[in-house]
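Inspection log for the structure reproduced underneath, given as structure tokens.
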Amino acid sequence: MPEPARPRVTAKDRARLAAERLKTLYPAVSELAHTNPFQMLVATILSAQTTDRSVNSVTPALFARYPDAAALAHANPAEVEAMIKPTGFFHVKAKTIIAASAALIERFHGEVPPRIEDLVTLPGVGRKTANVVLGVAFGIPGFAVDTHVKRLTRRLALTKSTDPVKIEAEVTKMLPPEEWTGFSLRLILHGRRICLARTPRCPECVLNDFCPSSTVRAKGGRRPLTATAARVRLGHGRGTVRKRPGRRPGTHH
């Protein structure tokens, strides 16, 4: 008799298993240094097209000089540009963080609002930045979609979309809200360390036995997980990811 059909591993199975596996490797934190929501907002805006390491190299002095929205809203643009120059695109970024600070003063009494509907009205703040601020600074569930999350959710076949808004909507349907922030932050870290854009390090990946894009599963003779196995094999790959010698942890957003 032919073998019964194996249960199909759904996108929801893969999302939940990936969320569980990545918990064993990465904390649900941002690598941007900050002590309050205002600093997190500014640092996230500055992180566009650069590394967190670069942002963290300039923000201590920036926040010492401009500790809140009121101070930064009235800053001399040339002085701000000089301070944030290592992050790149410093003319635009200086203008943006000054304008965002002014908007906080004008509309939100100088405080960062804990609502995505309000955050996205600020200059330089889209849904990705807003979700990062909500999740990291306020502990409010949000699924931030940056270039890493966009790449990994497609490689894991959680979505076929390249539109961040659609990706956010589709993936958040697969996980409970309390998992959204951690999963997105861990996907970002995994994208920086292992699931690289050009040369993904599949042999070192804890998701390689169920990821549809894995390049190594066939070599080990392993077959894709069944839906049942996907729900029970959560201990795979526990431990620490070995870093490539000499590799620096920061990468582009």
For segment 9-74 and segment 137-160, distance of Cα centres in Å: 14
Proximal charge balance of Ala99 [Cβ under 11 Å; K/R count +1, D/E count -1]: +1
Cβ-based net charge around Val29, under 13 Å, with every Lys or Arg adding one and every Asp or Glu removing one: 0
Rounded percent of accessible protein surface that carbon and sulfur make up, segment 85-151, 1.4 Å probe: 60
Per-peptide average of other Cβ atoms within 10 Å, ordering 131-139, 61-69, 48-56 highest first: 131-139, 48-56, 61-69
Mean separation of Cα contacts under 8 Å, 6 or more apart, over the residue count of segment 1-132: relative contact order %: 21
In sequence order, calculated HN-Hα J values of segment 168-183 (Karplus, 6.51, -1.76, 1.60; Hz; x Gly/Pro): 4, 5, 6, 6, 5, 6, 8, 10, x, x, 5, 9, 4, 4, x, 5
Neighbour net charge for Pro141 - beta-carbon separation under 12 angstrom, K R +1, D E -1: -3
Segment 1-142 shape via C-alpha gyration tensor axes, a/c threshold 1.5: prolate
Qualifying trypsin sites (Lys or Arg not before Pro) for segment 115-166 [loop in DSSP, other Cβ within 10 Å: at most 15]: Arg115, Lys160
Mean accessible surface per residue for segment 58-180, computed with a 1.4 Å probe while every protein chain stays in place, in Å²: 47
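The values are calculated or read from the model by the stated rules, or taken from the named source; none is laboratory data. Small disclaimer: the values here were computed from a predicted structure and weren't measured. Neighbour counts are summed over all protein chains in view; Cβ atoms, including those assigned to glycine, are modelled from backbone coordinates with ideal geometry. All accessible areas refer to the heavy atoms of the entire protein, side chains included, with ligands and DNA or RNA removed. Shrake-Rupley method; radii C 1.70, N 1.55, O 1.52, S 1.80 Å.
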